[in-house]
């Protein structure tokens, strides 16, 4: 009996599937705690799984419109230019709230970068943080991201979140088409299809 057969008979054979799954999850969490550099990779995998399992789009009949407080939210970009959500009427908006110290935020950044490279000319990307600009600039340059960074915070009950990352996609009529907390695969086919539909003139 070789090692592979030995491990199968001792570890896997006769065990219930949920027991094997729980052991794998426990092992993954243990690796995350002991080896911090693996967190981003594991969380990216979780984001892909979440995206595959769930449909992020909110049906049109259930979409909530941004209220006056949300529309008054002010952001400043890295060049010092100020915008409000209300000034972006008739645009599709991808708004992501994040921080450099947040592992799930960092895990979904590569997917956001891929999405931005493909849809940056059709969709208004607001990658929003309230961190110190020097720390953010250092992180962005190190990772090589090109999406636009904005500084500030959101107002209004439709957008305020007590956890990050938090992402919304707003359609041309000012209604929330997608609202997600936690890491997500933003360059998935589902999201690209939705952005294509929303950005059609």
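Since every read-out is calculated from the coordinates, none of them should be taken as a lab result. Since we're looking at a predicted model, the values are computed, not measured. Positions of Cβ are backbone-derived with ideal geometry, glycine not excepted, and every protein chain shown enters the neighbour counts.
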So for the pair residue 124, residue 99, with labels modelled 7 Å out along Cα→Cβ, what separation do we get in nm? 2.7
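With both bridge residues required to lie in the range 62-201, what share of the DSSP beta bridges run antiparallel, to the nearest 5%?
Antiparallel: roughly 70 percent of the beta bridges in the range 62-201.
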Spin-label model distance (nm) - residue 143 vs residue 91, 7 Å beyond Cα toward Cβ: 2.1
Fewest-first ordering of 124, 137 by Cβ atoms within 10 Å yields 137, 124
Can you compute the FRET efficiency between residue 199 and residue 78 using 1/(1 + (r/R0)^6), with r the Cβ-Cβ distance and R0 = 35 Å? Round to the nearest 0.05. 0.90
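Can you order the peptides 144-151, 126-133 by their average number of other Cβ atoms within 10 Å per residue, highest first?
On the way: 144-151: 15.9, 126-133: 18.4.
In descending order of packing, they fall as 126-133, 144-151.
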What is the distance, in nm, between label points placed 7 Å from the Cα along the Cα-to-Cβ direction at residue 132 and at residue 114? 3.4
Distance from the range 89-132 to the range 144-164 (C-alpha centre basis), Å: 8
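By how many nm would the segment from residue 192 to residue 57 lengthen if fully extended, with 0.36 nm per residue of separation less the alpha-carbon distance? Before the final figure, lay out each step's value.
Numbers: separation 135, 0.36 × 135 = 48.60 nm, distance 1.14 nm.
47.5 nm is the gain from fully extending residue 192 to residue 57.
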For the range 60-198, the spread of Cα positions along each principal axis, largest first, Å: 41, 32, 28
Looks like the range 134-201, by Cα gyration tensor root eigenvalues a ≥ b ≥ c and the a/c under 1.5 rounded cutoff (else prolate when a/b is bigger than b/c, oblate otherwise), is oblate
